[in-house]
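Student: Can you read through this structure? Questions will come right after.
The values are calculated or read from the model by the stated rules, or taken from the named source; none is laboratory data. Here the structure is a predicted model, which means the values were calculated and not measured. Note that we place each Cβ from the backbone using ideal geometry, even for glycine, and neighbour counts take in every protein chain shown. Note: areas computed on protein heavy atoms with side chains; ligands, DNA, RNA excluded. Shrake-Rupley method; radii C 1.70, N 1.55, O 1.52, S 1.80 Å.
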Amino acid sequence: MSSIKLTVKRLYQQRDERMVNTKATARVSLGDRLIATEEITGMTESPVSKYLHAEGAAGGVGL
């Protein structure tokens, strides 16, 4: 099984002079093929990592 490490270093939206929660979308592709879409919500100023696991097979990857 293959793993992809997704790391968000900073995530926030600045409104006026305050940081507030926000949303981002990570799209992971293998060549021209989209293999994963991950929604990330919240707020952080410190790196946060998540592992996406994929099963590898000859000719393709499935999540």
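Student: Could you please find all residues in the range 6-20 being part of a loop (DSSP other than H, G, I, E, B) and open to solvent by 100 Å² or more (accessible area, probe 1.4 Å)? First the steps, then the outcome.
Tutor: So in the range 6-20, the residues part of a loop (DSSP other than H, G, I, E, B) come out as 9-10, 12, 16-17.
Scanning the range 6-20 gives Lys9, Arg10, Asp16, Glu17.
Student: Please determine, by comparing only the residues of the range 21-34 that are basic (Lys, Arg) and loosely packed, with under 10 Cβ neighbours inside 10 Å, which one is modelled with the lowest pLDDT. Before the answer, list the steps.
Tutor: Taking the range 21-34 and keeping what is basic (Lys, Arg), we get 23, 27, 33.
With loosely packed, with under 10 Cβ neighbours inside 10 Å added as a condition, the list becomes 27, 33.
Numbers: Arg27: 92, Arg33: 89.
Per the criteria, the residue is Arg33.
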